[in-house]
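J.: Below: one structure in structure tokens.
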Amino acid sequence: MMTGEVPAAGDAPQPLLVVAGIGAGYGAIEALHGVSLEVYGGEIVALIGANGAGKSSLLMTVCANPPAKRGEIFFAGQAITRLPTHQIARLGIAHVPEGRRVFARMTVAENLAMGRVALSADGSRAAQQEDAAVLQHVYQLFPRLRERALQRAGTLSGGEQQMLAIGRALMARPRLLLLDEPSLGLAPQIMGRIFAALRTIAQAGTTIFLVEQNANQALQLADRAYVLVNGRITLSGSGQALLVSPEIRKAYLGGH
Amino acid sequence: MDIYIFGQQWVNGLVLGSTYGLIAVGYTMVYGIIGMINFAHGEIYMISAYLTAIFLALLGTFGLQSVPVVLVLVLLGTVLLTALYGWSVERIAYRPLRNSNRLAPLISAIGISLILQNYIRISQGARNQGVPPVIDGVWRIPANAVDQHFVQITHLQSLIVVTAFASMAVLTWIIHHTALGRACRATQQDRVMANLLGVDTDRIISVVFVMGAAMAAVAGMLVTLNYGSFDFYIGFLMGIKAFTAAVLGGIGSLPGAMLGGVVLGLAESFFAGFVNSDYKDVFAFSLLILFLIFRPSGFLGVPEVEKV
Ligand SMILES: Nc1ncnc2c1ncn2[C@@H]1O[C@H](COP(=O)(O)OP(=O)(O)OP(=O)(O)O)[C@@H](O)[C@H]1O
Ligand SMILES: [Mg+2]
């Protein structure tokens, strides 16, 4: 794909997110070497890769933290490569980062309220009703958060913190939800609940771009997936196809 | 120990301490949000003393008589302009160095503080300046009926304590109960995450400098009215004292700043009253050093945990 151009649309639908040949890194360290991928509206797309492959770097670069050194990123047809991070959030990209990063010394309710910052709050009655509806939706998805609403987020368990980080992102009513290893360090049962919630979120119309080391779970959930190795995309295909691909089974699924 | 001296030190300490606390807020909030000691903060306080005098004189030439109206106008003017100075210092001296190593903004802070001192010295003169008394009146509380000793509280002193605590209450309310305050706390706890959620963290940092400067301006006006005189160098000592208060209370903690201020004010007053008044500053700095060595997190501070 040509750097700096949105792929020609033709009759096909426009992708919601286009990452076109981006290079990014920290100082002299290059973490991404010309990564290109697309996420279409309504899809669940997974990115799998080993430790240090650059998965988190890719998600953070979409949010311009750090900004891409080369290449372009488009969201809903608009170049966002050089926008500041907070403006990208306000366009409708919500990030559930590696390590959850809940505000430990705030209550669960306050953490959720922080998710609303990205909305251009006009204070109108309709907007307030919408906010309340989203909050109810989040509480329905994760009833545990309602029970813990007035508790400090730092006192939550790891699984509950993950629920809170996802709930906080949903409060912004995002078009695109970025998730960085939501299953990390969780018991299988909790992990199952998180993935079930992601399915529900996708069904409600939110596009999901998910980074995972847990390739098995991720590929079962995803419509499509990419494989990242040392800052380069090496494979892509439907979730099902990658799940049965011998290469993937060998490298990421511990299979034979 | 004479009971009236004891009572009087309580009054003096509380008055002194509440102004320390107001200035300490600026150190503590800035440290909380960008992890740096804003050594130019004392100069911001010093500038507010000059602004107080200028606004008082200005209103005097307009022939305004009503003391409450004059005080409110002077307060508004001083707070607004001082806040503008605080905002500018951040924009000019700190923001360009946001992503450099920790030493650079510190050096910049010392530089901007020298610049502000000399700017005032040249523009306003090196002489001691003064303001006329605006409020007089005093309450005398008899402490000993026999020899007629009493504890003395001037009306201005009570105004200082009330204003200081009221300003703290307003600030605390903003931080804990408004969306802006929530964004400040979020930025303090995890700046990257706040940014990812759509918070313009640069703007929040500006807001924190403005809030800190505004509180220092309240203190500057109150102290100026109380002592009547000041010069371009007052920011230095007051700055170190308020910094000490912030460390005592636990740097980064808002209630800690006020608590540290009051504790330092009382400790200093009692030391001056009962031990030696020449060495009260030495005593205050010894407290600073002892706390830095043995209890760097102060009374209410959070031990260094996060800062990812
Ligand atoms: N803040 C940083 N400063 C310097 N180097 C970094 C930083 N963050 C990541 N890197 C480097 O960039 C490369 C990619 O890291 P990244 O965190 O994106 O990988 P990852 O695929 O998310 O790994 P993991 O599965 O362990 O989370 C690594 O070599 C890492 O050391
Ligand atoms: Mg990672």
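No lab work stands behind these numbers, since they all come straight from the coordinates. In this text, all values refer to a predicted model and were calculated from it rather than measured experimentally. Methodologically, a virtual Cβ is constructed for each residue, glycine included, from the backbone with ideal geometry; neighbour enumeration extends over all protein chains shown.
J.: log₁₀ I(q)/I(0) of the stretch B:203-271 at q = 0.19, 0.23, 0.29 Å⁻¹, via Debye over equal Cα point scatterers, no solvent, to two decimals?
T.: With no solvent term, the Cα-only Debye profile gives -0.89, -1.19, -1.32.
J.: Kirkwood hydrodynamic radius (Cα pairs, Å) of the stretch B:52-122? Kindly include the intermediate steps, with their values, before the conclusion.
T.: Values: mean 1/r = 0.0695 Å⁻¹.
For the stretch B:52-122, the Kirkwood estimate is 14.4 Å.
J.: Can you work out D for chain A in µm² s⁻¹ from Stokes-Einstein, where Rh is the Kirkwood radius over C-alpha pairs, the temperature is 20 °C and the viscosity is 1.002 mPa s?
T.: On the way: Rh = 18.7 Å.
Rounded to a whole number, D works out at 115 µm²/s.
J.: Separate question: Take A:Glu130, A:Glu30 and order them by how many other Cβ atoms sit within 10 Å, fewest up front.
T.: Working: A:Glu130 13, A:Glu30 16.
Ascending Cβ contact count within 10 Å gives the list A:Glu130, A:Glu30.
J.: Rg over Rh of the stretch B:3-294, using C-alpha atoms and the Kirkwood radius, what does it come to?
T.: Values: Rg = 19.4 Å, Rh = 19.7 Å.
Result for the stretch B:3-294 is an Rg/Rh of 0.99.
J.: Helix A:125-141: angle to the longest alpha-carbon principal axis of chain A, degrees 0 to 90, nearest 10?
T.: Roughly 80 degrees, rounded to the nearest 10.
J.: In whole angstrom, how far apart do the alpha carbon centroids of the stretch A:62-119 and the stretch A:135-168 sit?
T.: Between the Cα centre of the stretch A:62-119 and that of the stretch A:135-168, the gap is 20 Å.
J.: Would you look at the GNM of chain B, springs on alpha carbons closer than 10 Å, and say which of B:Thr28, B:Thr187, B:Thr52 moves the most?
T.: Looking only at B:Thr28, B:Thr187, B:Thr52, the biggest GNM fluctuation is shown by B:Thr187.
J.: Same structure again: If you take the Cα atoms of the stretch B:85-176, find Rg, then find the Kirkwood Rh from the mean of 1/r over all pairs, what is Rg/Rh? Don't skip to the end; give the middle numbers.
T.: Working: Rg = 21.8 Å, Rh = 18.2 Å.
My calculation puts Rg/Rh at 1.20.
J.: Here's another thing I want to ask about it. Using only alpha carbon pairs under 8 Å that are at least six residues apart, calculate the relative contact order of chain B and give it in whole percent.
T.: Numbers: 492 pairs, mean separation 111.7, N = 308.
It rounds to 36 percent for chain B.
J.: Given the -39500 (n - 2.57) contribution per DSSP H run of 4+ residues, what per-residue ellipticity at 222 nm results for the protein assembly as shown, rounded to the nearest 500 deg cm²/dmol?
T.: Details: 21 runs with 309 residues, N = 564.
Theoretical 222 nm ellipticity from helices: -18000 deg cm²/dmol.
J.: Quick one: A:Lys69, A:Lys55, fewest Cβ neighbours within 10 Å first, how do they rank? Intermediate values should be presented prior to the final figure.
T.: Working: A:Lys69 12, A:Lys55 25.
Lowest to highest Cβ neighbour count: A:Lys69, A:Lys55.
J.: Also: Could you check how many percent of all C-alpha pairs in the stretch B:44-88 are farther apart than 15 Å? Could you put the intermediate results ahead of the total?
T.: Details: 384 of 990 pairs.
Result: 39 percent of Cα pairs exceed 15 Å.
J.: Gain in length, B:Arg203 to B:Arg95, computed as 0.36 nm per residue apart minus the alpha-carbon separation, to one decimal in nm?
T.: Details: separation 108, 0.36 × 108 = 38.88 nm, distance 1.07 nm.
Between B:Arg203 and B:Arg95, full extension yields an extra 37.8 nm.
J.: Additional query: Quickly work out the A:Ala133-to-B:Ile110 label distance, labels modelled 7 Å from Cα along the C-beta direction, and quote it in nm with one decimal.
T.: 6.0
J.: Place a point 7 Å from the Cα of B:Ser66 along the Cα-to-Cβ direction; which residues of the stretch B:116-137 have their backbone N under 20 Å from it?
T.: B:134-136
J.: How many lysine pairs does the protein assembly as shown hold where the Cα atoms are under 24 Å apart and the two sit 8 or more places apart or on different chains?
T.: On the way: A:Lys55/A:Lys69; A:Lys55/A:Lys250; A:Lys55/B:Lys307; B:Lys241/B:Lys280.
Lysine pairs meeting both conditions in the protein assembly as shown amount to 4.
J.: Also: For the stretch B:1-124, what does the relative contact order come out to in percent, with C-alpha contacts under 8 Å and a separation of six or more?
T.: Details: 63 pairs, mean separation 35.3, N = 124.
Contact order relative to length: 28 percent.
J.: Follow-up question, since we're still on this one. To the nearest 10 degrees, how steep is helix B:234-249 against the longest Cα principal axis of chain B, on a 0 to 90 scale?
T.: Compared with the principal axis, the helix lies near 70 degrees.
J.: Can you give the alpha-carbon Rg of the protein assembly as shown over 2.2 N^0.38 Å, where N counts its residues? Please report the intermediate quantities before stating the final value.
T.: Values: Rg = 28.9 Å, N = 564, 2.2 N^0.38 = 24.4 Å.
Rounded to two decimals, the normalised Rg is 1.18.
J.: Could I ask something else about it? Need one number: the % of Cα-Cα pairs in the stretch A:17-93 sitting beyond the 16 Å mark. Could the numbers behind the result be given before it?
T.: Working: 1369 of 2926 pairs.
Cα-Cα pairs of the stretch A:17-93 separated by over 16 Å account for 47 percent.
J.: Over the stretch A:105-174, how many percent of alpha carbon pairs lie in each 5 Å bin up to the one with the longest distance?
T.: Spelled out bin by bin, the stretch A:105-174 gives 3, 19, 31, 24, 14, 7, 2, 0 percent.
J.: Additional query: At a Förster radius of 35 Å, what calculated FRET efficiency corresponds to the Cβ-Cβ distance of B:Tyr119 and A:Arg70, to the nearest 0.05?
T.: On the way: r = 45 Å, r/R0 = 1.28.
Efficiency computed from Cβ-Cβ geometry: 0.20.
J.: With everything on Cα atoms, drop me the angle between helix B:103-124 and the longest principal axis of chain B, reported from 0 to 90° to the nearest 10.
T.: 50
J.: In addition: Using a 10 Å cut-off around each Cβ, can you sort B:His41, B:His149 from fewest to most neighbouring Cβ atoms?
T.: Values: B:His41 29, B:His149 16.
Listed from fewest to most nearby Cβ atoms, that is B:His149, B:His41.
J.: Here's another thing I want to ask about it. Using alpha carbon centroids, what distance separates the stretch B:86-135 and the stretch B:230-245, in Å?
T.: Centre-to-centre (Cα) distance: 12 Å.
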